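**Q** Let me begin by handing over the structure; questions about it come next.
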């Protein structure tokens, strides 16, 4: 079975999701692409352009290219051009990742942010940031597309990339069922991510920090704001946060062989109670990660969300938790802003600065 680093696997998922996203956009009119909404960067085209601009700017920073302003206006750039430039920067990034593989991407990168402040960060953390940044904004673009009647079946989660590029063969009945649902299911071998505890600990550290911040802001809202229907995520702030909460013990139980199905927290559970329960589960999960070796990370778990079980490696389901968390946080952040909450940035570099890395 071919293998690659967890970072590379996240970028393969990034490229796969971008391709799916642009195919969903095929045939949209300029009016649809540029319709203004208080979501993402203000329009579908502007949000996709922002993803491109960020990936290009960060590549410039990693390669010590001269600093330039962060472009904000797509100026009518076609989606075809945005997609081609994303493919171009992805190819250059793959070459950079390969060049710096020997040092574990530990090189310190000196750069200036948009305010001119100077920073020095290790490349590996910044690579994680850009992959995660794409997840955040794809969640917003999917909501734009939902308004035009276009859906990615069940979304663009990392696990659905792993069905399209599997490291674990799926059973024939699972393949047939999921294909009928419109999912891309491959039978040929994909790539298995190599267990890297340090990267996984970092991603979970960021994940827990960001979820904690969101729960803090949500806890200050009255019930009517928490339960307002926004027609995104799982409908409301509380329902979306509850879903995120319920995913964690489900996966932990599967890893430890104690699975008893997906247990749903009762509707209306107070945010304070969600936070307390979340912290307990996160502590158990982090202890599990601390003792996990490569063999255990490669173990296969079979999970069912209705219908035949699907199979994934433990390490893949761990990456899924973090990617899935970023996807739904993007939705909750938008709901919080529409509820009058002023929010700071939740990007990986902000967290790295806060913890002194």
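**Q** Among 267, 4, what is the fewest-to-most ranking by other Cβ atoms within 10 Å?
**A** Listed from fewest to most nearby Cβ atoms, that is 267, 4.
**Q** What residues of the stretch 36-59 lie in the reach of a label at residue 68, counting those whose backbone N is under 15 Å from a point 7 Å from the Cα along Cα→Cβ?
**A** Correct set: 50, 52-59.
**Q** Sequence gap at least 6, Cα distance under 8 Å: using those rules, report the relative contact order of the stretch 3-354 to the nearest whole percent.
**A** 21
**Q** Which FRET efficiency value, to the nearest 0.05, do you get for residue 309 and residue 231 by plugging their Cβ-Cβ distance into 1/(1 + (r/R0)^6) with R0 = 30 Å?
**A** Given R0 = 30 Å and the Cβ-Cβ separation, E is 0.45.
**Q** Calculate the FRET efficiency for residue 260 and residue 84 from the Cβ-Cβ distance with a Förster distance of 56 Å, rounded to the nearest 0.05.
**A** That gives a FRET efficiency of 0.70.
**Q** Less than 14 Å from a label point 7 Å out along the Cα-to-Cβ axis of residue 277: which backbone N atoms in the stretch 232-271 qualify, by residue?
**A** Residues 238-251, 262-271 qualify, since their backbone N sits under 14 Å from the label point.
**Q** Can you tell me the FRET efficiency between residue 337 and residue 209 if r is taken as the Cβ-Cβ distance and R0 is 22 Å, rounded to the nearest 0.05?
**A** Details: r = 19 Å, r/R0 = 0.89.
Using R0 = 22 Å, I get an efficiency of 0.70.
**Q** Next question. Put a dot 7 Å past each Cα toward the Cβ at residue 291 and residue 100; how far apart are the dots in nm?
**A** 3.5
Computed from the coordinates by the stated procedures, all read-outs in this text should not be read as laboratory data. Since the model is a prediction, treat every value here as computed from it, not as a measurement. Glycine also receives a Cβ, built like all others from the backbone with ideal geometry; neighbour counts cover every protein chain displayed.
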